[in-house]
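The values are calculated or read from the model by the stated rules, or taken from the named source; none is laboratory data. What you are looking at is a predicted structure, and each value in this text was computed from that prediction instead of being measured. Cβ: placed from backbone, ideal geometry, glycine included. Neighbour counts: every protein chain shown. The protein model used for the area step is the full one, side chains on, heavy atoms only, and it has no ligands, DNA or RNA in it. Shrake-Rupley method; radii C 1.70, N 1.55, O 1.52, S 1.80 Å.
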Amino acid sequence: MTTIVDAHVHLDLYPDPYQVVRECRQEGVYALCMTTTPKAWDGTSILVGDAPRIRCAIGLHPQLAFERKEELPLLLRLMWETPYVGELGLDGAMPVETHATQRLVLTKALERADELGGRVVSLHSRRAAGAVLEVIEQHADRNLLILHWFSGTASQLRDAAAMGCWFSVGPAMLHSKKGRALVGAMPRDRVLTETDGPFAKVKGRPLHPRDARRACSSIAAAWDMSDAEVAQLVVSNFRRLGEYAVDRRTEGGS
Ligand code: MN
């Protein structure tokens, strides 16, 4: 059985989240579970329980940043408990009056991540790649930043790669020609697979964490490698990320 890595998934948002977690455990899927609001942290931690290959990230999604801005202090407080942060970022497709709050949330969270000695951060950048890069630049040295479902330009991708960013790519992103072209230029030792399930769908069906494996074939085609080699590389990248995270666990945190 091949090992599957889903570096960006919203386990708590599936219609039957406990069933999905059970399946991930049975199938040995490595998953990094995002939260979209800090208030979801406790419930998601309970959901994931002691699953050895699943980790929870604490986040405040840019699409919710404006309406949930009063949860920012909770986000900053909970960031002490885990080395994983997400989902954070900026969303340029959201109403313009939310942009300043989105930026404030992202900036404050990254400042806190610096203070805590570094965090693994999964970042959303829909129609805001340039703005996200501008904000994260000064935090790139102290954190392990993952651009999830990156859809910026080739030159923005080069800038991000030069900053040391990682990338997580999924089947939905790889459906587009542009997405596949971007993958070709990603640094191979900093690429992970993801689903963004259950938000991301293929043919109308929400992706299951195990579907992250499907991204390997498109990546393999872009890199002229075999599926198995890509799958192996992704697992080894994910292990490196795990080592980074373990080194940053706070005393008493999880
Ligand atoms: Mn997401």
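Quick one: which residues, 5+ away or cross-chain, put their amide H under 5 Å from the amide H of VAL121? H built at 1.01 Å from N.
Residues meeting the criterion, in which the H sits 1.01 Å from N, are VAL85, LEU144, LEU145, ILE146.
Using modelled backbone amide H atoms (1.01 Å from N, in-plane), which distant-in-sequence or interchain residues come within less than 5 Å of SER168's amide H?
The answer is LEU147, HIS148, TRP149, PHE150, LEU192.
When the solvent-accessible surface of protein heavy atoms is calculated with a 1.4 angstrom probe, in what order do HIS10, HIS99, HIS208, HIS175 fall, highest first?
Descending order: HIS175, HIS99, HIS208, HIS10.
Using the structure shown, list the pairs from LYS69/LYS178; LYS39/LYS69; LYS108/LYS201; LYS39/LYS108 with a Cα-Cα distance above 22 Å, or answer none.
Among LYS69/LYS178; LYS39/LYS69; LYS108/LYS201; LYS39/LYS108, the Cα-Cα distance tops 22 Å for LYS69/LYS178; LYS108/LYS201.
Determine the calculated [θ] at 222 nm for the chain from helices alone, applying -39500 (n - 2.57) to every DSSP H run no shorter than 4 residues and normalising by the residue count; nearest 500 deg cm²/dmol.
So the helix-based figure for the chain works out to -11500 deg cm²/dmol.
Going by amide H atoms built from the backbone, whose H comes under 5 Å of the H on ALA31, apart from near neighbours?
ASP6, ILE54, ARG55
Which listed residue (GLY59, ALA7, ALA100) has the Cα farthest towards the positive end of the charge dipole for the range 1-133, taking +1 on Lys and Arg C-beta and -1 on Asp and Glu C-beta about the Cα centre?
ALA100
For the chain, give the magnitude of the charge dipole about the Cα centre (Cβ charges: +1 Lys/Arg, -1 Asp/Glu; no others), in debye to the nearest 20.
Dipole size: approximately 540 debye.
Give the ranking of ILE46, ILE136 by solvent-accessible surface, highest area first, calculated with a 1.4 Å probe.
Numbers: ILE46 120, ILE136 0 Å².
Of ILE46, ILE136, the descending order of accessible area is ILE46, ILE136.
If you add up the charges near ARG142, with Lys and Arg at +1 and Asp and Glu at -1, over every other residue whose beta carbon is less than 14 angstrom from its beta carbon, what do you get?
Charge balance near ARG142 sits at -3.
Could you calculate, for the range 171-254, the ratio of the Cα radius of gyration to the Kirkwood radius, expressed as Rg to Rh?
Taking Rg over the Kirkwood Rh, I get 1.04.
Could you tell me which helices of the chain pass both thresholds, a Cα extent of 18 Å or more along their own axis and a mean Kyte-Doolittle hydropathy of at least 0.5, with helices taken as whole DSSP H runs?
Within the chain not a single helix satisfies the rule.
Starting from the Cα coordinates of the chain, work out the convex hull volume and express it per residue in Å³.
Expressed per residue, the convex hull around the Cα atoms of the chain is 115 Å³.
Convert each backbone phi in the range 8-14 into a coupling constant with the Karplus relation 6.51 cos²θ - 1.76 cosθ + 1.60 (shift: θ = phi - 60°), then list the ³J(HN,Hα) values in order as whole Hz, x for Gly and Pro.
7, 8, 10, 4, 6, 9, 6
May I ask you to derive the FRET efficiency for ASP50 and ARG188 from their Cβ-Cβ distance with R0 = 22 Å, giving the value to the nearest 0.05?
0.10
Write down the percent of antiparallel bridges among all DSSP beta bridges whose residues are both part of the range 143-239, to the nearest 5.
25
Which value, in debye to the nearest 20, gives the size of the charge dipole of the range 69-111 about its Cα centre, when Lys and Arg are +1 and Asp and Glu are -1 at the Cβ?
120
How much length would be gained if the chain were fully extended between LYS39 and SER217, taking 0.36 nm per residue of separation minus their Cα-Cα distance, in nm to one decimal? Can you show the working numbers first?
Values: separation 178, 0.36 × 178 = 64.08 nm, distance 3.65 nm.
Residue separation times 0.36 nm, minus the Cα-Cα distance, leaves 60.4 nm.
Give me Rg/Rg_expected for the range 110-254, where Rg uses Cα atoms only and Rg_expected = 2.2 N^0.38 Å with N residues.
1.04
With label points built 7 Å along Cα→Cβ from the Cα atoms of ASP114 and ARG239, find their separation and express it in nm.
With each label placed 7 Å out from Cα toward Cβ, I get 3.4 nm.
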